[in-house]
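Take a look at the structure set out below.
The values are calculated or read from the model by the stated rules, or taken from the named source; none is laboratory data. This one's a predicted model, so the numbers in the text were calculated from it and none came from an experiment. Heads up, the Cβs are rebuilt from the backbone with ideal geometry, glycines too, and the neighbour counts pull from every protein chain shown.
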Amino acid sequence: MKKSFSFPIIFMALVTAFFTFILAFLNYSTADKIAFNQELELSEKLLYIFDIEPLSNDPNDINQAFKDNIGTIKSDGGDLYVYYGDNKEILGYAVPINGSGLWGSIDGYVGVSADYSTLLGLEFISHSETPGLGGRISEDWYKEQFRGIDLTETTDGNYIIYKPASCGNVDAIAGATLTSKSVSKLLNEDLEEFIKREVNK
Amino acid sequence: MMKGDSPKKIFKMGLWEDNPILVQIIGICSALAVTNLMINSLIMGVGLIFVTALSSFTVSLLRNYTPKHIRMMVQVLIIAAYVIIVDIFLKAYMPEMSKALGPYVGLIITNCIIMGRAEAYAQKNSPIPSFLDGVASGLGYTLVLLVIAFIRELLGFGTVFGIQVLGEWWTPWTIMIMPPAAFFILAVVIWITKTIQEKEKDNEKGQVAN
């Protein structure tokens, strides 16, 4: 092929434009669907925190369960998800938690009962821990351990303590010490901040 | 060879004689990283088969028009585009899968096998054989990953595809799910393959001599 100066540039520009167009089109046409999926996922996760079982995994049932049980109220730290009982009484709050893990930030919510005495549940929204090691924080056996932890026993902000330390209440993940530590650290810090702020209000 | 290699030869090369991991020793990075669970390996493999096959196909389609000195730029662009398509598709239509895959989708792009096949095969051959070559290499990669993941998951968790196989009596070998085990097992698998392949070669030579 003849070596010309302009042809490679034009060729590259054309190929780039072609693929960019395809990607832009795909992105545009699936944007609604993806936003819907993400909202649904958040609803599902909040329901999980408060241990509410939707009738089925059907999106309609999940949204219905979400509408029936969970609402938002304004608070100092932004919108707060609230768990309502059958008579619209407040049963608990979903406290946003975030902090740095081993590889990146970990975001999630932790459910606290209305009198700030019990941990209701824990769920992660996003994290980038090593799959199969630190990534196992999003597995059920790990998260289920956090249900029902008594928050009134400690005064120094150490709500989560890994076994076998004294007063330990949760098992860490073998092979993922740093991730486990990060989770307990960010949970303890954000819980303490939330409880102090709400109790002193 | 009139119109490129026969499918049988392509698959024999990709799966065994020229297996990306066992013989070419490329794509090792992800092979070490994702093989602690079989499901991760499978998803990674399927993603790789898709991207390798289609990018090889596209590179081959454009090969006669692509100026030689910018061909790598074009290849990277094509590969990146397909990886993003996989990512968008999974997010929109298979959110469960997308969650399980997480960071792996992005990892596909860094896999040397895709670029390797584009350079070594698709650049010189017509689209259909290139497509098959991509599928074959991807399959070769996936199978090796599954073998390694099977050993690691079974010994490390006592499970296969997340289903408990070994009973309560089994003490999981934690080292199996940690990075070092991937090195050991990969090395042993390569060792076994090399031994068998050497024997095959000797046999062939013997037949010619006779």
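Data for the structure
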{"quantity": "Residue match in the stretch A:17-34 (condition: aliphatic (A, V, I, L, M), more than 7 Å from chain B (Cβ to nearest Cβ), closer than 30 Å to A:Ala65 by Cβ and under 17 Å from the mean Cα position of the chain (by Cα))", "calculated": "no"}
{"quantity": "Complete set of residues in the stretch A:1-31 that are among the polar types (S, T, N, Q) and either surrounded by fewer than 16 Cβ atoms within 10 Å (Cβ to Cβ) or closer than 28 Å to B:Met72 by Cα (or both)", "calculated": "A:Ser4, A:Ser6, A:Thr16, A:Thr20, A:Asn27, A:Ser29"}
{"quantity": "Selection from the stretch B:43-55 of residues that are away from chain A (no Cβ under 14 Å) and β-branched (Val, Ile, Thr)", "calculated": "B:Val46, B:Ile49, B:Thr52"}
{"quantity": "Residue list for the stretch B:1-13, filter: in contact with a helix residue (DSSP H, G or I) (Cβ under 7 Å, 6 or more places away or on another chain), at pLDDT 85 or above and either surrounded by fewer than 18 Cβ atoms within 10 Å (Cβ to Cβ) or among the small types (Gly, Ala, Ser) (or both)", "calculated": "B:Pro7"}
{"quantity": "Residue among B:Leu139, B:Leu143, B:Leu154 that is surrounded by 19 or more Cβ atoms within 10 Å (Cβ to Cβ) and of a type outside the set (Val, Ile, Thr)", "calculated": "B:Leu139"}
{"quantity": "Among (1) under 15 Å from B:Val144 (Cβ atoms); (2) hydrophobic (A, V, I, L, M, F, W, C); (3) modelled with pLDDT of 85 or more, the one test that B:Val51 misses", "calculated": "(1)"}
{"quantity": "Residues satisfying the stated conditions in the stretch A:32-55, i.e. part of a helix (DSSP H, G or I) and loosely packed, with under 13 Cβ neighbours inside 10 Å", "calculated": "A:Asp32, A:Ala35"}
{"quantity": "Among the residues listed as B:Pro127, B:Pro67, the single one being touching a Leu at 6+ places or on another chain (Cβ under 6 Å) and more than 30 Å from A:Glu139 (Cβ to Cβ)", "calculated": "B:Pro127"}
{"quantity": "Test for B:Ala120: is it surrounded by fewer than 19 Cβ atoms within 10 Å (Cβ to Cβ), of a type in the set (Gly, Ala, Ser), over 15 Å from the mean Cα position of the chain (by Cα) and within 11 Å of chain A (Cβ to nearest Cβ)", "calculated": "no"}
{"quantity": "Residue, nearest to the other protein chains (Cβ to nearest Cβ), within the stretch B:56-67, restricted to residues that are assigned to a helix (DSSP H, G or I) and crowded, with 19+ Cβ neighbours inside 10 Å", "calculated": "B:Thr58"}
{"quantity": "Residue within the stretch A:127-150 that is on the phi > 0 side of the Ramachandran plot, crowded, with 16+ Cβ neighbours inside 10 Å and either modelled with pLDDT of 85 or more or assigned to a loop (DSSP other than H, G, I, E, B) (or both) present", "calculated": "yes"}
{"quantity": "Residues (assigned to a helix (DSSP H, G or I) and buried (at least 19 other Cβ atoms within 10 Å of the Cβ)) located in the stretch A:166-186", "calculated": "A:Thr179, A:Ser180, A:Ser182, A:Val183, A:Leu186"}
{"quantity": "Subset of the stretch A:104-126 [out of contact with any helix residue (DSSP H, G or I) (no Cβ under 8 Å at 6 or more places or on another chain) and either among the basic types (Lys, Arg) or assigned to a loop (DSSP other than H, G, I, E, B) (or both)]", "calculated": "A:Gly104, A:Ala114, A:Asp115, A:Ser117"}
{"quantity": "Number of positions in the stretch A:106-123 that are among the hydrophobic types (A, V, I, L, M, F, W, C) and surrounded by fewer than 21 Cβ atoms within 10 Å (Cβ to Cβ)", "calculated": "1"}
{"quantity": "Scope the stretch A:120-135; condition aliphatic (A, V, I, L, M) and more than 10 Å from chain B (Cβ to nearest Cβ); matching residues", "calculated": "A:Leu120, A:Leu122, A:Ile125"}
{"quantity": "Considering residues of the stretch B:93-103 that are of a type outside the set (Lys, Arg) and surrounded by fewer than 20 Cβ atoms within 10 Å (Cβ to Cβ) only, the residue nearest to the other protein chains (Cβ to nearest Cβ)", "calculated": "B:Pro95"}
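Rundown of residues vs (1) surrounded by fewer than 16 Cβ atoms within 10 Å (Cβ to Cβ); (2) in contact (Cβ under 8 Å) with a residue 60 or more places away in the chain; (3) within 10 Å of chain A (Cβ to nearest Cβ); (4) of a type outside the set (A, V, I, L, M, F, W, C), yes/no style:
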position: B:His69; (1), (2), (3), (4): yes, no, yes, yes
position: B:Val74; (1), (2), (3), (4): no, no, yes, no
position: B:Ile84; (1), (2), (3), (4): no, no, yes, no
position: B:Asn125; (1), (2), (3), (4): no, yes, no, yes
position: B:Ser130; (1), (2), (3), (4): no, yes, no, yes
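Let's see how each residue does on (1) in a loop (DSSP other than H, G, I, E, B); (2) among the aromatic types (Phe, Trp, Tyr); (3) farther than 30 Å from A:Pro131 by Cβ:
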{"site": "A:Asp61", "(1), (2), (3)": "no, no, no"}
{"site": "A:Lys67", "(1), (2), (3)": "no, no, yes"}
{"site": "A:Ile73", "(1), (2), (3)": "no, no, yes"}
{"site": "A:Tyr81", "(1), (2), (3)": "no, yes, no"}
{"site": "A:Val95", "(1), (2), (3)": "no, no, no"}
{"site": "A:Leu102", "(1), (2), (3)": "yes, no, no"}
